[in-house]
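Below: one structure, written as structure tokens.
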Amino acid sequence: MESIHITAQFTLPATAVYEFVSNPDNLALWAQGATGDVTFAPRNDFGVLDHTVALPDGATVTVPMRVLPLGDGSELVFTIRRTDGMSAADFERDREAVESDLLTLTGILEGGAVDDS
């Protein structure tokens, strides 16, 4: 199994990024790839945003994700895993989709759509 980590950095504190990203109601605003039911890890103080996605075909995918403090701001780390049977082209499409989603998320969060208090 191959893994890659895609990151995005924010001027907002990790707590603000965590609050926005962990809210399932916000997924449609930034995560085009979240096409199934998404269940996040229980709320926590460590920035763990791991989640499972129930795909339309009934399969589930577990996605590791964290938001970490980074100076006065934060960094989100999203892990993509290439599973057995996944082609290199599909893996690359997943990477591109996550990068696009994180660019959208950055635009929303850095554009002032979130209360950073």
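Structure above, values below:
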quantity: Thr35 being in a loop (DSSP other than H, G, I, E, B), at pLDDT below 95 and either of a type in the set (A, V, I, L, M, F, W, C) or more than 19 Å from Gly111 (Cβ to Cβ) (or both); calculated: yes
quantity: Residue among Val67, Val61, Val17 that alone is assigned to a strand (DSSP E or B) and either closer than 12 Å to Leu105 by Cβ or aromatic (Phe, Trp, Tyr) (or both); calculated: Val67
quantity: Filter result for the condition that a residue is within 12 Å of the chain's Cα centre (by Cα), closer than 21 Å to Leu103 by Cβ and surrounded by fewer than 17 Cβ atoms within 10 Å (Cβ to Cβ), over Val38, Val53; calculated: Val38
quantity: Counted residues, the stretch 1-23 - those being over 20 Å from Arg95 (Cβ atoms) and among the charged types (D, E, K, R); calculated: 1
quantity: Selection count where residues are in contact with a helix residue (DSSP H, G or I) (Cβ under 9 Å, 6 or more places away or on another chain) and aromatic (Phe, Trp, Tyr), scope the stretch 15-57; calculated: 3
quantity: Qualifying residues in the stretch 61-91 (those that are of a type outside the set (A, V, I, L, M), free of Cβ contacts under 8 Å to residues at least 24 places away in the same chain and exposed (fewer than 15 other Cβ atoms within 10 Å of the Cβ)) - the one farthest from Trp30 (Cα to Cα); calculated: Gly85
quantity: Qualifying positions in the stretch 1-38 - charged (D, E, K, R) and either touching a residue at least 60 places away in the same chain (Cβ under 8 Å) or in contact with a strand residue (DSSP E or B) (Cβ under 6 Å, 6 or more places away or on another chain) (or both); calculated: Glu2, Glu19, Asp37
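The values are calculated or read from the model by the stated rules, or taken from the named source; none is laboratory data. Source: prediction; values computed, not measured. Methodologically, a virtual Cβ is constructed for each residue, glycine included, from the backbone with ideal geometry; neighbour enumeration extends over all protein chains shown.
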